[in-house]
1. Given the rule -39500 (n - 2.57) for each run of at least 4 DSSP H residues, summed and divided by the residues of the chain, what is its mean residue ellipticity at 222 nm, to the nearest 500 deg cm²/dmol?
2. I need the trypsin sites (Lys or Arg not before Pro) found in the stretch 204-242, filtered to DSSP loop residues with at most 11 other beta carbons within 10 Å of theirs.
3. Please state, as a whole number in µm²/s, the translational diffusion coefficient that the Stokes-Einstein equation yields for the stretch 373-439 at 4 °C and 1.567 mPa s, with Rh defined as the Kirkwood radius across alpha carbon pairs.
4. Subtracting the Cα-Cα distance from 0.36 nm times the residue separation, let me have the gained length for ASN3 to ARG155 in nm, one decimal.
5. Which of the GluC sites (Glu not before Pro) found in the stretch 89-185 are in a DSSP loop and have at most 12 neighbouring Cβ atoms, other than their own, within 10 Å?
6. Convex hull over the alpha-carbon atoms of the stretch 283-340: what's its volume per residue in Å³?
7. If you plug each phi of the stretch 435-441 into the Karplus form 6.51 cos²θ - 1.76 cosθ + 1.60 with θ = phi - 60°, what whole-Hz ³J(HN,Hα) values come out, in order, with x for Gly and Pro?
8. How high is the FRET efficiency between ASP267 and ASP51 when r is their beta carbon distance and R₀ equals 35 Å, given to the nearest 0.05?
Amino acid sequence: MKNIDVSQLTVQFPLVRSLIALEPLTWFNPKATSLAVGLPYVGLDQRDVADASARLARFAPYLCEAFPETRVTQGILESEVAAIPAIQGALNERYGVEVSGRLLLKKDSHLPISGSIKARGGIYEVLAHAEQLAIKAGLLRTEDDYSKLFSDEFRQFFGQYSIAVGSTGNLGMSIGIMSAKLGFTVTVHMSADAREWKKRKLREHGVIVVEYAEDYGVAVEQGRKEAERDPNCFFIDDENSRTLFLGYSVAGERVKQQFDEMGIKVDTEHPLFVYLPCGVGGGPGGVAFGLKLAFGDNVHCFFAEPTHSPCMLLGVHTGLHDQIAVQDLGIDNLTAADGLAVGRASGFVGRAMERLLDGFFTLSDQEMYDLLGLLAREEQIKLEPSALAGMPGPWRVTADRAWQLAQGWDEAAMTQATHLVWATGGGMVPAAEMEKYLATAKI
Ligand SMILES: *Cc1c(COP(=O)(O)O)cnc(C)c1O
């Protein structure tokens, strides 16, 4: 890692001063460009997403057996898109800015199995690994009915192998539960900020939970080291995995299909804005990639981060990507937003996606709690704090007329826009825990 000269950096990038001051801010990305220009930098394309989508379809019969709650969607893990008009009114008042388009919530918070966006990438990577092992051993062909994996024979087979991952909580939940169900020995290396109830739930599923007094970066490093010692252990690398990224990306075509069913138009006259909470970057990066492939230049993606953990904004803004951490600036990386407490962004995602993202913004923990309380009050939808990070997005974008005009949208055009806030988690938060969240909201 480079040595960071902070004073020089603030001269070159004045915005870094505002990051250090923990000011909530919005940054529109000058590197944003068309899909045609930006796509080659990703190094993945439509065929890779189609491949992931087909793999998930092959596993659907297995998931129906292993997790009966997924039968309602035939073993496809997908979440609803919900209109949230009441909070739109409440936030127009709170922010003193009128968002005139349509406001929607993507409820990944209520995805089956693990109740967060990690049920996309995390579960997908475990399935991809299991498939590869079983095919190599001659036990499975892609034409087979994968429900046969739900058997003692396969559990014994997978039991010879192990899986490890480092996590702040939700990734561990997805990978832990899925791996244990297949029969793998699975170890989750949990950072200090991980919630007790998540560790307890994992242990109930037979997952080995190793706890650290340090943050996510340390938990990942330790997990990687331990896994390296065991040739039968597969380490799931949240910071660099293309597989994880592709698992998330399938969301793009799914949203397009949901919009078609709902009669929601997306074209040059009807832009789509999507607001995604960002931790290390794989989840929002993969989803944004899939959305770009599905909607082309008519979708505009924004990443949201806590003021105490603005790692992706910092990496992309300075072009230093994973060569800089928020801690290098004296920012503490302490936030109540599970999944977003990441000090150093994925270099892979930053470099792959920096030309395909329209902007970034930060918000305080208290703002997330207030929005959590407002959403519960106005819409009776309960989320975890991190899942609210995207919520101010439509107001941040609407407040900046100059940026809209530069994109070619006047006020009338903005009334035709759809704003999709990606709710990334919270569906499995225990009631007592949720009461504490709600009590923290000052509304
Ligand atoms: C993990 C997570 C995110 C962000 O995903 P990354 O891949 O870490 O960027 C956002 N919200 C929640 C609830 C998460 O668990």
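The values are calculated or read from the model by the stated rules, or taken from the named source; none is laboratory data. Quick caveat, the model's predicted, so the values are computed rather than measured. Cβ coordinates were reconstructed from backbone atoms using ideal geometry, including for glycine residues, and neighbour counts include every protein chain displayed. Heavy atoms of the whole protein, side chains included, go into the accessibility calculation; ligands, DNA and RNA do not. Shrake-Rupley method; radii C 1.70, N 1.55, O 1.52, S 1.80 Å.
1. Mean residue ellipticity, 222 nm, calculated: -13500 deg cm²/dmol.
2. Hits after loop and neighbour filter: ARG229.
3. Approximately 93 µm²/s, per Stokes-Einstein.
4. Extra length from ASN3 to ARG155 when fully extended: 49.9 nm.
5. GLU143
6. About 92 Å³ per residue, rounded to a whole number.
7. 4, 5, 4, 5, 5, 7, 5
8. My answer for the efficiency is 0.80.
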